[in-house]
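> Before I ask anything, let me first share the structure, which is written out below as structure tokens.
The values are calculated or read from the model by the stated rules, or taken from the named source; none is laboratory data. This structure is a prediction, so every number in the text was calculated from the model and none was measured. Quick reminder, even Gly has a Cβ in these numbers, built from the backbone with ideal geometry, and neighbours come from all protein chains shown. These area figures cover heavy atoms from the full protein model, side chains too; ligands, DNA and RNA do not enter into them. Shrake-Rupley method; radii C 1.70, N 1.55, O 1.52, S 1.80 Å.
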Amino acid sequence: MPSTGTASDAQRMLQLKLEVPRMPSSVVHRARLMTALGSVAASRLVLLTAPAGFGKTTLLSQWRDHLRDAGGRVGWLTLDEGDADVRRFMIGVIRALESADVDVGDLVAQADRGLTEITIDSAVRELNARLAGSGAPVTLILDDYHRASAQPLDGFLGQWIALLPEGTRLLMSTRRRPDIGLHRLLGSGAAVEITSDMLRFTPSESRQVLDVGLAEADRDALAERTEGWPVALQLARLITLQGQGQASGAPALGRLATRGGHLWSFLSDQVLRGLTEEAVDFLLETSILERFSVEITDALRGRDDSWRIMEQLEPLQSLLTPLDADAIWYRYHHLFADYLQAQLRQRRPTAVPALHLRASEAFERRGLLDEAVRHASLAGDFARCAELVEQAGGWRLVLFGGMGQLNQLLDFIPPAERLSHPRLLLAEAYVKLKMGLLREARSTFDLVALDPGAPAGDWPAGDWSLLNDYERDTLNINVLIRTYEDNTVDVPFLSFFETMRQRMPDADGLTRGVLDCAGAVASLCAGQLARAEDFARQAMGAMRSVNSVLGLNYCFLHAGLSCAYRGELRSATAYLQRAKAMAVENFGADSGLKALAETLLALVELWGDGRLTMTAQELDEAFRHVCDYDGWFEIYAAGLDSRFRLAWLAQDSAAMDRVIADGDALTRARGLERLASIVQAQRLLRHGAAGETAQAQPLAEHLAVRFPLGIWRDNPVHWRAGVDVAFALGTWLAIRDPAQARERAGDMLACARAIGARPYEVRAHLLLARIAALGRRPDDAMGHLREAVERAAGEGIALPFFEQPELAPLIRRLKRALWDGGGNPVEASFLSSIDERLAEAGPADDSPIAVLSAREQEVVAELSRGLTNKEIARALDMTEHTVKFHLKNIFAKLGVDRRAHALSALRDTGWSSRA
């Protein structure tokens, strides 16, 4: 991927926002205000609100030095317009706190990637936890908040302030009150505001500032007339030190007593007049820069004498502030910069765009892409903006962890201007795609004329080299959008990937990786599960060749899901554990990639054991993270399925309703038709579990029409939703229309076999076994149970057995037959574990059998056949002593003292030993 320079320069620019501007040695110590700040140490927020020129930054820097001298941890962040985005703001906050020696853990790595891998809520929770555990008070200073203030940021900050842990507080300077719920914070004592009246210099402080050779009477008069306005006093001091104060006298200095145009006139008459022409030109030309160094100003002016001119400007130290300890980077006082820019527009209006262009070129040479694009934008040269973004990689920035940067770069270019630059539209479409805005991504992409998603024959003949950059970008983005949209993926679409692979053997690694990943997702959609793993493994090599760790992580996810669908649970776990470990190592413990891996791992665990190593709440959080991050159909289906199955097994109606509501919200937001069908199947299971016939019956009829028998044969993309719908219909019809139930379960079985989806094949067999058992066809039921065990035991696919607890007697009989008859020990052991779990769960009612263990239930079953202790021992492979031990426990649990009484107690509840 093309690069615009070194990362160190860009990092240095960010570092400048974390450093306190250096104050001149002559600055007046504000002891009175320092005492005031010390008296409100318990407040979460101290807000300095005043117009420009009231010394807010100076006071904050003095307080910061005071706290640091006392051993406190203090972070500093100077804000600008780019920080209005909440993510960018939080990036700055994290880095500021890190610079204050607060252990922020993996959040540093997340900030380096633009916080695009985690949600803002996750970042705030983690940061607050780190602050709470810091072991010492922490102060965060936000300077110039008014520059970033916007409704989203204000709302976020107001909420965050309320959540700040004990011992953490914010100090903010601003020119106007932000909409952060300040009245509420002030009323509760959580905030204190220091206004311009408090920031004014007292007469004593004013005289101290002006004690530079003025006559006492002039000094006192000027102190009174300036009314303690700090900037006016500092400028009066400056003019006096330049030797002009005595000549012009109090009348000239008195013009500082008022503000507005009078101040500007003063600056023109008294400050610029005393400078050489080249120094004035320097000030005007460099005023367009937010911050600058000698190297940048030399490039901007096309000269190499910036150091010499800056030495001439040494007397203006109160207006020209070093930003770092090495005095390499500088900025102008905001009032002075505003004045200089106005003078530039007045004196040389046509020069401004050219200056911004030269600034853009200077920052580009230093590798400072953001500043280069910003100045090109200010010059109105959006073609150059587009060129810079495209040279940096465009949409490809995302795959190298630069989604936050790409977002910021696009923000510099008005939407209307992007219309003239197709590759920018492609980058914008990809950003929207990764944010889950599928419709917006498609709408943006459709503004691009070329459609490489069309049949491969529409493409230029020949190899990859015949495509230009625009065509290559279009190919990648269109394939990705179509794959994420899901609704138009079909079997012919899969041939596109093979065709592209043959026609573009020399394509760059990133394109090959992207296309193969998309091929893996499309293969899963079309039910070509083994092919999906092949695509994913090919993509791994391609992603490694370009060192895209992000892309490689997705490859492991696709491969893992392919194995999970095929019932190869151990391989699936290996792939997904690798993906999770990579996500944590490279993107942090709260990354979206980790949430993706955990969501799929939960599905694999659930199929394997019917239980999760994570809690249901942790699964919910991971799934919501996925929804906020970067998901597609397979991820959403896996997350909804795992969460719903857990709730359904527990017969937790409220939890089922929450999952269904989440599914409805996802389908509305993403427009995924297959997902909508899966949610409808879940809704039918929910109504059936609650006995809500009025709601379930019309839904069942609708799904039966929407998914006719054999629909997967005509269009394999319906397989995934089809097996869920078939299971829901079969479950609903099992006791209402057994014949139709058998048809649905049989169709599900045929589909699962054809696709090679072993877990669904096991599920279908067990549903058929239940239907047969309900119809008093025990041989058919046992036959399907045997088939299910043969398919499930090797990989330990246990979940479908727990979905059919009514089959427990059959399971116990088959288990005994396998052990007694010399059957497959793996299958027998597998069934033993199933039997134990089913016994632990017990029946849904409060019958006595629920209190008995699995082994005790077996003893009771043999007891009911009239067997003696010796015969029971022989039948169950235990000693007579063990039989007696179990009988003793059984009698105690049932509250009886004889065999006959135990059997009678069980029969009174409707229990039967018939298996």
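> Kindly indicate which of ASP103, ASP83 is of a type outside the set (Phe, Trp, Tyr) and open to solvent by 40 Å² or more (accessible area, probe 1.4 Å).
ASP103
Residue-wise test of (1) small (Gly, Ala, Ser); (2) open to solvent by less than 30 Å² (accessible area, probe 1.4 Å); (3) in a loop (DSSP other than H, G, I, E, B).
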site	(1), (2), (3)
TYR470	no, no, no
ILE477	no, yes, no
LEU480	no, yes, no
SER495	yes, no, no
THR499	no, no, no
GLN502	no, no, no
ASP506	no, no, yes
ARG512	no, no, no
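> Consider only pairs whose beta carbons are under 6 Å apart and that are at least six residues apart or on different chains; among these, list those whose first residue lies in the stretch 466-478 and is within 21 Å of LEU438 (Cα to Cα) and touching a residue at least 40 places away in the same chain (Cβ under 8 Å) and whose second residue is charged (D, E, K, R) and open to solvent by less than 50 Å² (accessible area, probe 1.4 Å).
Final answer for the pair search is ASP473/ARG423.
> Also, I was wondering about something else. Considering only the stretch 809-829, state which residues are open to solvent by 20 Å² or more (accessible area, probe 1.4 Å) and either part of a helix (DSSP H, G or I) or closer than 14 Å to ALA854 by Cβ (or both).
Listed by number, the residues that qualify are PRO809, ARG812, ARG813, ARG816, ALA817, TRP819, ASP820, PRO825, VAL826, GLU827, SER829.
> Hey, another quick one. State which residue is most open to solvent (accessible area, probe 1.4 Å) when the search covers only the stretch 162-183 and only residues that are farther than 23 Å from PHE54 by Cβ and touching a strand residue (DSSP E or B) at 6+ places or on another chain (Cβ under 8 Å).
Only one residue fits best here, namely GLY167.
> Of these, ASP534, ASP609, ASP628, which one is of a type in the set (Asp, Glu) and under 24 Å from PHE830 (Cα atoms)?
ASP609
> Go through the stretch 514-539 and count every residue that is open to solvent by 10 Å² or more (accessible area, probe 1.4 Å) and assigned to a helix (DSSP H, G or I).
Within the stretch 514-539, residues that are open to solvent by 10 Å² or more (accessible area, probe 1.4 Å) and assigned to a helix (DSSP H, G or I) number 10.
Residue-wise test of (1) surrounded by fewer than 20 Cβ atoms within 10 Å (Cβ to Cβ); (2) modelled with pLDDT of 95 or more; (3) assigned by the TED database to the domain that holds LEU766.
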site	(1), (2), (3)
ASP652	yes, no, no
LEU666	no, no, no
VAL679	no, yes, no
ALA690	yes, no, no
LEU703	no, yes, no
PHE707	no, yes, no
LEU729	no, yes, yes
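> All but one of (1) open to solvent by less than 30 Å² (accessible area, probe 1.4 Å); (2) under 37 Å from the mean Cα position of the chain (by Cα) hold for GLU795, so report the exception by its number.
Answer for GLU795: the failing condition is (1).
> Filter the stretch 482-493 down to the residues that are farther than 26 Å from GLN391 by Cα and in a helix (DSSP H, G or I) and list them by number.
Of everything in the stretch 482-493, those that are farther than 26 Å from GLN391 by Cα and in a helix (DSSP H, G or I) turn out to be THR483, TYR484, GLU485, VAL491, PRO492, PHE493.
> Please go through the stretch 549-584 and give me each residue that is buried (at least 24 other Cβ atoms within 10 Å of the Cβ) and not in a helix (DSSP H, G or I), ordered by number.
Selection gives GLY567 alone.
> Oh, and also: Looking at the structure I just gave you, is ALA622 in contact (Cβ under 8 Å) with a residue 24 or more places away in the chain, closer than 21 Å to ASP121 by Cα and part of a helix (DSSP H, G or I)?
yes
> Please go through the stretch 588-630 and pick out each residue that is within 12 Å of the chain's Cα centre (by Cα), open to solvent by less than 10 Å² (accessible area, probe 1.4 Å) and either modelled with pLDDT of 85 or more or aromatic (Phe, Trp, Tyr) (or both).
Residues satisfying the conditions are LEU593, ALA595, LEU596, ALA622, PHE623, VAL626.
> Can you tell which of GLY631, GLY691 is closer than 21 Å to THR488 by Cα and not in a helix (DSSP H, G or I)?
Result: GLY631 is the single residue among GLY631, GLY691 that is closer than 21 Å to THR488 by Cα and not in a helix (DSSP H, G or I).
> Quick one: which of ARG64, ARG95, ARG130 is assigned to a helix (DSSP H, G or I), touching a helix residue (DSSP H, G or I) at 6+ places or on another chain (Cβ under 9 Å), touching a residue at least 60 places away in the same chain (Cβ under 8 Å) and open to solvent by 20 Å² or more (accessible area, probe 1.4 Å)?
ARG95
> Are any of the residues in the stretch 125-137 closer than 30 Å to MET582 by Cα and acidic (Asp, Glu)?
The answer is yes; a qualifying residue exists.
> Across the stretch 847-880, which residue is modelled with the lowest pLDDT among those that are outside any helix (DSSP H, G or I) and over 15 Å from ARG899 (Cβ atoms)?
Looking at residues that are outside any helix (DSSP H, G or I) and over 15 Å from ARG899 (Cβ atoms), I get SER847.
> Right, next: Listed residues GLU361, GLU290, GLU277; which is in contact with a strand residue (DSSP E or B) (Cβ under 8 Å, 6 or more places away or on another chain), surrounded by fewer than 18 Cβ atoms within 10 Å (Cβ to Cβ) and either within 27 Å of THR58 (Cα to Cα) or modelled with pLDDT of 85 or more (or both)?
Only one candidate qualifies: GLU290.
> Hey, another quick one. Identify the single condition in (1) open to solvent by 10 Å² or more (accessible area, probe 1.4 Å); (2) at pLDDT 90 or above that MET198 does not satisfy, given that it satisfies every other one.
Here MET198 meets the rest and fails (2).
> Specify which of the listed residues (LEU425, LEU433) is touching a helix residue (DSSP H, G or I) at 6+ places or on another chain (Cβ under 6 Å), at pLDDT 90 or above, assigned to a helix (DSSP H, G or I) and open to solvent by less than 50 Å² (accessible area, probe 1.4 Å).
Result: LEU425 is the single residue among LEU425, LEU433 that is touching a helix residue (DSSP H, G or I) at 6+ places or on another chain (Cβ under 6 Å), at pLDDT 90 or above, assigned to a helix (DSSP H, G or I) and open to solvent by less than 50 Å² (accessible area, probe 1.4 Å).
> Could you check how many residues of the stretch 466-505 are among the polar types (S, T, N, Q) and over 32 Å from the mean Cα position of the chain (by Cα)?
Residues in the stretch 466-505 being among the polar types (S, T, N, Q) and over 32 Å from the mean Cα position of the chain (by Cα): 4 in total.
> Same structure, new question: Any residue at all in the stretch 300-308 that is open to solvent by less than 20 Å² (accessible area, probe 1.4 Å), of a type outside the set (Val, Ile, Thr) and within 44 Å of the chain's Cα centre (by Cα)?
Among the residues of the stretch 300-308, at least one is open to solvent by less than 20 Å² (accessible area, probe 1.4 Å), of a type outside the set (Val, Ile, Thr) and within 44 Å of the chain's Cα centre (by Cα), which makes the answer yes.
> Now a separate question. For the structure I just gave you, tell me whether ALA844 is open to solvent by 50 Å² or more (accessible area, probe 1.4 Å), modelled with pLDDT under 80 and within 28 Å of TRP607 (Cα to Cα).
In short, yes.
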